[in-house]
Each structure stands twice: as C-alpha cells, then as structure tokens.
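Here, each number is a calculation from the coordinates, and none is a lab measurement. Since this is a predicted model, take the numbers as computed values, not measurements. Cβ atoms come from the backbone with ideal geometry, glycine included; neighbour counts cover every protein chain shown.
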Amino acid sequence: MISMKTPLLALLALAACAAETHYISGTRVADNPANREIIATVEQYRVAVERKDTNTLIDLASKNYWEDGGTPTGADDYGYDGLRQVLENRFARADGIRYTMKYMNVKRLGANRAAVDVMIDASYTIATANGPKRLDMKDQNEMVLEYDGRKWLFLSGM
C-alpha cells in the first residue's frame with residue numbers, strides 16, 4: 001500500500017525550497033543578474049571613494065545626477081555639473097579613507113531605476129590646526145541608479 005503522506009511531504013519540501021531566497025554573498029540582497037550588476041556598480045563607487053578617484057566617480061554619475069543637501073534653502077544642492085568640484089573639495093581634505101558598505105536592499109523603481117539601501121562604515125584622516133585627526137562615520141544611505149541602456153549610473157546618493 002502506498003502512503004499518501006510521502007507525496008505530500010515531497011510536495012511540501014519542494015515548495016519550501018522554491019520559496020527560499022538566495023542572497024548575494026555578504027549581503028541581504030536577493031541574488032539575481034540585475035541585482036549583481038547594480039551591486040557591482042556600487043562597489044566600483046566604493047573603491048573609487050577609497051582611492052579618491054574623482055574621474056571614475058564622474059564616469060559613474062548620470063548626466064541627470066542631483067543631490068539635495070536636505071536644507072530648506074537649497075544652497076547646498078548640486079547636480080552633475082557641480083559633482084566634480086564637491087568631490088575634489090572633499091578629497092582634498094581627507095586622507096587614508098576606509099569606506100565599507102553593507103548592502104541591505106535593492107528596490108526596483110521601474111524598469112530602469114533602482115534604489116540601493118546601504119549601511120556605511122567609514123574612517124578618514126583630516127588635517128587640523130592640532131595635527132592630523134582620524135574621524136569615524138557610520139550612516140545609512142540610499143543610492144538611486146538608472147540604467148542607460150549600457151550600464152547603471154548614479155542619479156543621487158554618491
């Protein structure tokens with residue numbers, strides 16, 4: 001006599017496997033080709049920050065890049081045209097940059113846009129009147145990217 005429990009258990013086990021989400025190694029991001037490509041782009045950004053590589057960062061930015069400084073006046077807002085100056089000014093003051101990110105989530109915002117939620121843990125050295133000072137920073141950030149038909153580019157969050 002064949003037990004009805006065996007096919008039912010097999011079906012339940014198969015359903016449990018199908019529902020299991022696989023993550024990109026070292027992240028909390030679902031593993032699929034689009035997410036891997038997006039994370040690889042953000043990793044290029046992360047490495048360029050550590051190297052103070054302004055040219056690579058500009059190449060990773062969309063011509064539609066816009067950064068809202070979060071103040072009511074908008075005096076600290078800038079777009080693609082101001083990005084190079086902002087990066088060069090920041091990099092001129094910082095040395096020994098360590099910049100790590102934990103990838104928390106990738107949200108698709110339509111066919112050609114995505115938001116990447118990250119936890120940043122960074123440290124860097126700045127020159128002060130009393131000599132060099134090592135600073136630490138921990139922050140949450142959302143980076144928004146768009147696919148231009150060839151590659152993912154940053155719209156904000158750099």
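Sorted fewest first by neighbouring Cβ atoms within 10 angstrom, S123, S25, S156 come out as S25, S123, S156. Across all directions, the average projected area of the convex hull around the alpha carbons of the range 26-156 is 9.0 nm².
Number of Lys-Lys pairs in the range 26-156 with C-alpha atoms under 21 Å apart and a separation of 8 or more places or on different chains: 7. Considering the options Y78, N105, L153, tell which one lies farthest towards the positive end of the dipole of the chain, charges being +1 on Lys and Arg and -1 on Asp and Glu at the Cβ, about the Cα centre. Towards the positive end, the residue furthest out is N105. Taking the Cα centre of the range 97-145 as reference, the dipole from Cβ charges on Lys and Arg (+1) and Asp and Glu (-1) amounts to some 80 debye. Taking 0.36 nm per residue of separation and subtracting the Cα-Cα distance, full extension of the segment from R51 to N105 would add 16.9 nm.
Model label points for A129 and R84, set 7 angstrom from Cα along the Cα-to-Cβ axis, are 3.4 nm apart. Each peptide among 49-57, 82-90, 127-135 gets the average number of other Cβ atoms lying within 10 Å of its residues, and from highest to lowest they stand as 49-57, 82-90, 127-135. Beta bridges from DSSP with both residues in the range 44-158: antiparallel share about 95 percent, rounded to the nearest 5. In the chain, Cα pairs under 8 Å separated by at least six residues give a relative contact order of 19 percent. Counted residue by residue at 0.36 nm each, then reduced by the alpha carbon distance between them, the extension gain from M119 to E43 reaches 26.0 nm. For D139 and A94, the difference between the fully extended length at 0.36 nm per residue and the C-alpha to C-alpha distance is 14.4 nm. Using Cβ point charges alone (K and R +1, D and E -1), the dipole size of the range 26-156 about the Cα centre works out to roughly 320 debye.
Between D77 and D148, the C-beta separation translates, for a Förster distance of 25 Å, into a calculated FRET efficiency of about 0.65.
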